[in-house]
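A quick write-up on the structure given underneath.
The values are calculated or read from the model by the stated rules, or taken from the named source; none is laboratory data. Just so it is clear, the structure is predicted and the values come from calculations on it, not from any experiment. Positions of Cβ are backbone-derived with ideal geometry, glycine not excepted, and every protein chain shown enters the neighbour counts. What goes into the accessible areas is simple: the full protein's heavy atoms, side chains included, and nothing from ligands, DNA or RNA. Shrake-Rupley method; radii C 1.70, N 1.55, O 1.52, S 1.80 Å.
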Amino acid sequence: MSAARALARCVLCACLASLPAVAAAADPSKVLRYAFPISESSFDPAEISDLYSSNIIAHIFDAPLTYDYLARPIKLVPNTLVAMPEISAGGTLYTMRVKPGIFFADDPAFKGKKRELTAEDYVYSIKRLFDPRKKSPNLYQFEGQIVGMDEILAKARKENRMDYDAVAEGLRALDRYTFQIRLKQPNFNFLYYLAYCNLTCAVAREVDEAYGTRVGEHPVGTGPYRLTYWKRSSKMVFEANPTYREDTYNETAPEGDAVAAEVAARLKGRKLPMIGRVEVYVVEEAQPRWLAFLNAEHDMIERVPNEFANVAMPNNELSANLRRRGIQMTRTPGMELTYSYFGMKDPVVGGYEPEKIALRRAIVMGQDVGTEIRIPRKNQAIPAHSPIGPGALGYDPNFRSTATEYNPAKAKALLDLYGYLDCDGDGYRDLPRKSASEPCKPFSIEYASTPSAEQKPLDENWKKNMDLIGIRMTFKKAKWPDLLKESKAGKLQMWGLGWSAAVPDADAFFVMLYGPNGGQSNHSRFSVPEFDKLYLEAKRLPHGPERDAIYREMNRLFLVYAPWRLGVHRILTDMSQPWLIGYQRHPVMRQFWQYLDVDLPKLVSASR
């Protein structure tokens with residue numbers, strides 16, 4: 001334990017006697033400390049899509065809806081709305097009423113006045129996604145969906161200026177607290193969008209205009225926390241928002257879950273948030289992140305690094321020494337996916353010609369995901385057989401396909417069949433030639449990856465597997481945010497990514513393969529008209545056999561064209577110190593700080 005933290009805990013001893021029997025909300029003595037393995041990119045909901053930045057903004061800003069934190073199956077509930085949206089006009093019209101008396105955190109942009117959240121704030125914030133200057137990676141979720149907004153978008157792109165005062169029939173405030181969204185077609189996932197901060201969290205126009213291009217550095221929302229200190233890519237400090245509305249803990253424990261039931265009973269009726277300060281560090285390397293937790297410098301660790309799995313949870317059970325310390329562990333199959341995409345516009349691995357498909361499918365069959373699971377991932381994952389994450393509507397746990405098997409012999413045979421031969425005798429295959437008289441055409445695959453210790457064994461597995469089938473692979477090393485920028489610009493040949501669902505439906509994964517989303521969620525820029533048509537058909541159907549049949553056909557097309565090498569679905573293991581109360585991983589919900597509490601007597605006792 002660090003000397004500074006030990007001293008802080010000793011100071012708490014003097015305070016405990018004066019604490020009331022039920023501690024007040026947002027107690028400044030209660031501090032949550034933990035770390036991200038990847039740095040934040042921005043605090044502007046419209047401009048971010050990465051997981052860790054999304055986790056942060058969900059605590060600063062408010063979407064209209066949220067989830068019951070404990071309920072399973074997951075359950076949508078009103079957040080800033082008086083009630084759930086009224087849905088009419090055949091599932092295309094959503095009418096919502098904002099609760100009066102919700103206020104933004106104080107900021108100089110408001111010139112000393114209290115600023116109430118209104119319906120117009122949600123209308124304005126959704127329009128921000130359509131602003132071409134924002135270059136929002138989330139626009140794909142709404143483009144072509146809302147009546148009247150495509151016309152406003154076209155004009156904005158032509159003039160490179162968004163007219164925020166232009167009225168769209170499908171996005172308007174009816175009065176101070178009521179707003180409507182009218183869709184062109186039914187979208188049975190749209191309610192989930194209303195709980196996704198990157199799409200629908202409220203940003204005040206005054207703040208947007210005051211900070212301009214730097215608004216992503218000055219987040220001001222109505223959520224439970226506000227940013228008070230920020231050292232980019234190093235440390236963020238958040239304090240409970242003193243203007244946060246009256247909100248209490250009223251979460252529903254799943255039937256049969258004794259641990260969740262105990263937490264729900266213990267915290268029921270408590271005013272939110274309960275923890276007064278949150279410190280988030282960026283610690284890219286796994287070892288110092290793990291040691292900080294072991295030394296009680298951090299109160300929790302999300303996604304225990306794979307290299308410590310055998311020590312921390314041998315045979316997937318909490319180790320005896322951690323159990324004696326009272327460490328708490330939760331394990332959850334992530335509604336997520338890892339994958340390595342091929343740049344479909346790349347002259348070597350891209351394209352839809354038979355020989356290009358053959359090259360990609362050979363690489364897929366030549367990559368040993370089983371070894372990746374056993375060695376680098378320490379059996380903390382299961383192989384992915386489709387692009388859909390476990391638990392999402394449309395996921396079939398029994399689906400299997402030979403298209404994702406590891407079979408280097410088949411991979412070699414396929415490469416031979418389509419002319420990828422070693423014509424110059426250097427041990428690596430060359431591009432197909434039309435005739436034997438043509439000169440040899442060497443090629444290599446450049447795989448982008450971060451320079452972390454965790455990534456190194458994954459790269460080594462790729463290199464070993466590609467050498468085995470005669471394909472030369474090199475590696476482009478750069479920080480994750482830099483690779484993200486290059487990927488969005490279409491400059492990467494291959495890159496391995498993870499994707500966590502923000503919507504509990506297969507659509508959250510197939511959206512990464514929908515052609516018009518190229519350069520946004522669709523990093524590979526995969527574009528097949530038949531697939532795109534099926535994607536749009538699925539959006540208009542409710543969950544059921546008809547939609548599942550469409551998803552199966554989309555999956556078949558994906559496997560045929562092989563724009564990705566499917567990776568794994570990770571088993572997510574989180575651990576927390578014995579004094580941290582209430583942590584549960586939610587499948588899609590990003591915010592959780594306000595639902596946690598700190599047992600001060602237990603914390604002080606542990607520091608002695």
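Do the conditions hold for Ala260, that is, is it outside any loop (DSSP other than H, G, I, E, B) and either among the acidic types (Asp, Glu) or in contact (Cβ under 8 Å) with a residue 40 or more places away in the chain (or both)?
It is true that Ala260 is outside any loop (DSSP other than H, G, I, E, B) and either among the acidic types (Asp, Glu) or in contact (Cβ under 8 Å) with a residue 40 or more places away in the chain (or both).
On inspection, Ser437 fails the criterion of being at pLDDT below 95, touching a helix residue (DSSP H, G or I) at 6+ places or on another chain (Cβ under 9 Å) and in a loop (DSSP other than H, G, I, E, B). Taken over region 291-333, the criterion of being of a type outside the set (S, T, N, Q), open to solvent by 40 Å² or more (accessible area, probe 1.4 Å) and closer than 22 Å to Pro390 by Cβ is satisfied by Arg303, Glu317, Met329, Arg331, Pro333.
Of all the criteria given as (1) of a type in the set (Ser, Thr, Tyr); (2) open to solvent by 10 Å² or more (accessible area, probe 1.4 Å); (3) touching a Lys or Arg at 6+ places or on another chain (Cβ under 8 Å); (4) farther than 30 Å from Leu93 by Cα, the one not satisfied by Thr252 is (4).
Restricting attention to region 477-498, the residues that are in contact with a Phe, Trp or Tyr (Cβ under 7 Å, 6 or more places away or on another chain) and among the hydrophobic types (A, V, I, L, M, F, W, C) add up to 4. Of the residues making up region 354-383, those that are part of a loop (DSSP other than H, G, I, E, B) and modelled with pLDDT under 95 number 6. For region 382-395, does any single residue satisfy the condition of being free of Cβ contacts under 8 Å to residues at least 60 places away in the same chain and out of contact with any helix residue (DSSP H, G or I) (no Cβ under 8 Å at 6 or more places or on another chain)? Within region 382-395, none of the residues are free of Cβ contacts under 8 Å to residues at least 60 places away in the same chain and out of contact with any helix residue (DSSP H, G or I) (no Cβ under 8 Å at 6 or more places or on another chain).
Being among the charged types (D, E, K, R) and surrounded by fewer than 15 Cβ atoms within 10 Å (Cβ to Cβ) is true for just one of Glu353, Glu372, Glu336. Which residue is that? Exactly one residue qualifies, and that residue is Glu353.
For region 388-445, the set of residues classified as at positive phi and surrounded by fewer than 13 Cβ atoms within 10 Å (Cβ to Cβ) consists of Gly425, Gly427, listed by residue number. No other residue among Pro254, Pro288 is part of a loop (DSSP other than H, G, I, E, B) and over 27 Å from Phe110 (Cα atoms) apart from Pro254. When region 559-608 is filtered for residues that are touching a helix residue (DSSP H, G or I) at 6+ places or on another chain (Cβ under 7 Å), hydrophobic (A, V, I, L, M, F, W, C) and under 28 Å from Leu199 (Cβ atoms), the ones remaining, listed by number, are Leu566, Val568. Give the residue that is least open to solvent (accessible area, probe 1.4 Å), with candidates limited to residues of region 41-86 that are in a helix (DSSP H, G or I) and free of Cβ contacts under 8 Å to residues at least 40 places away in the same chain. Checked region 41-86; the qualifying residue least open to solvent (accessible area, probe 1.4 Å) is Ser53.
Listed by position, the helices (runs of 4 or more DSSP H) inside region 106-202 whose residues that are among the β-branched types (Val, Ile, Thr) and within 19 Å of Ala502 (Cβ to Cβ) number at least 1 are 119-128, 197-200.
When you look at Ala156, is it open to solvent by less than 20 Å² (accessible area, probe 1.4 Å), touching a strand residue (DSSP E or B) at 6+ places or on another chain (Cβ under 9 Å), small (Gly, Ala, Ser) and at pLDDT 95 or above, yes or no?
No: the conditions fail for Ala156.
The residues of region 91-141 that are of a type in the set (Phe, Trp, Tyr), modelled with pLDDT of 95 or more and surrounded by 19 or more Cβ atoms within 10 Å (Cβ to Cβ), listed by number, are Tyr94, Phe104, Tyr122, Tyr124, Phe130.
Among the residues making up region 523-551, those that are in contact (Cβ under 8 Å) with a residue 24 or more places away in the chain and either touching a His at 6+ places or on another chain (Cβ under 7 Å) or under 21 Å from Thr404 (Cα atoms) (or both) are His523, Ser524, Arg525, Phe526, Ser527, Val528, Phe531, Asp548, Tyr551. What about Met466, is it open to solvent by less than 60 Å² (accessible area, probe 1.4 Å), of a type outside the set (Val, Ile, Thr) and over 21 Å from the mean Cα position of the chain (by Cα)? In short, yes.
For region 473-587, the strands (runs of 3 or more DSSP E) that sit wholly inside it and include 3 or more residues that are surrounded by fewer than 19 Cβ atoms within 10 Å (Cβ to Cβ) and modelled with pLDDT of 95 or more are 473-477. Consider region 203-237 and keep the residues that are among the hydroxyl-bearing types (Ser, Thr, Tyr) and in a strand (DSSP E or B). The one that is nearest to Ser54 (Cα to Cα) is Tyr225.
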